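This report refers to the structure that appears directly beneath it.
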Amino acid sequence: MDPQTLKEKRGETKRRILDAAANVFSDVGFAGARVDEIARQAGVNKATIYYHIGDKKALYAEVLRDIMGSAFDRSVRNLQGAQSPEEKLRIYVNSIARTMDQHPHLAPIMLWEQASGGENLPEVIAQVFANVIGTLTTVLEEGESQGVFIKTIPFIVHSMVIGGVMFYKASDPIRSKYNAFPETLKKMDKRVSGSVAVEIEKLILKAVKK
């Protein structure tokens with residue numbers, strides 16, 4: 001097997017492992033996840049997982065880095081082309097919404113982390129979160145200096161965005177399942193990055209604008 005083909009094969013194997021791990025971590029959280037089950041869903045043996053990535057902690061960190069790192073990089077690139085603080089804030093909200101749609105396992109994984117008080121959150125991922133909030137802080141401070149935004153606490157604004165997006169995404173199975181919810185809720189867009197993101201953008205901008 002030539003080096004390029006071997007590299008592609010290893011990449012495909014790692015992708016299957018990460019996808020299987022994301023599925024298991026979202027279903028049962030870090031504490032409940034078993035490497036045996038991840039290996040079964042990935043169609044590999046445990047030794048292959050240890051060879052390509054490492055133990056369960058390393059695998060968990062890699063799953064979150066795979067999702068959050070690429071999402072953060074994309075968000076920063078998109079912000080570079082924006083002209084006004086309002087546009088940048090819309091891009092910030094939409095980037096988070098798109099990440100939730102593209103990676104449906106992220107919301108349940110983060111809810112598990114919230115429930116455990118971040119017991120298993122890797123330090124490298126905490127740094128990514130800090131960078132995300134730092135980006136929002138820059139946007140809000142720019143808007144404040146231009147007299148567009150009121151003075152706010154960036155973490156609270158971030159919590160409003162991430163809470164709305166994550167809870168909406170995670171609650172879809174509940175809204176769809178129970179008859180107690182009206183049809184208007186059942187028929188709402190399953191995506192967050194469409195009309196839902198627009199509504200969240202509107203509410204957040206209304207909250208922070210002078």
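The values are calculated or read from the model by the stated rules, or taken from the named source; none is laboratory data. Just so it is clear, the structure is predicted and the values come from calculations on it, not from any experiment. When we count neighbours, we look across all protein chains shown, and the Cβ atoms used for this are built from the backbone with ideal geometry, even at glycine.
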Could you pull out every one of the helices (runs of 4 or more DSSP H) wholly within segment 14-103 that has 2 or more residues that are within 24 Å of Asp172 (Cα to Cα)?
56-80, 85-102
Just one of Ala115, Ala82 is closer than 23 Å to Phe30 by Cβ, over 14 Å from the mean Cα position of the chain (by Cα) and not assigned by TED's automatic domain parsing to the domain that holds Arg34; which is it?
Ala115
Every residue in segment 24-57 that is without any contact (Cβ under 8 Å) to a residue 40 or more places away in the chain and of a type in the set (Asp, Glu), please.
Asp36, Glu37, Asp55
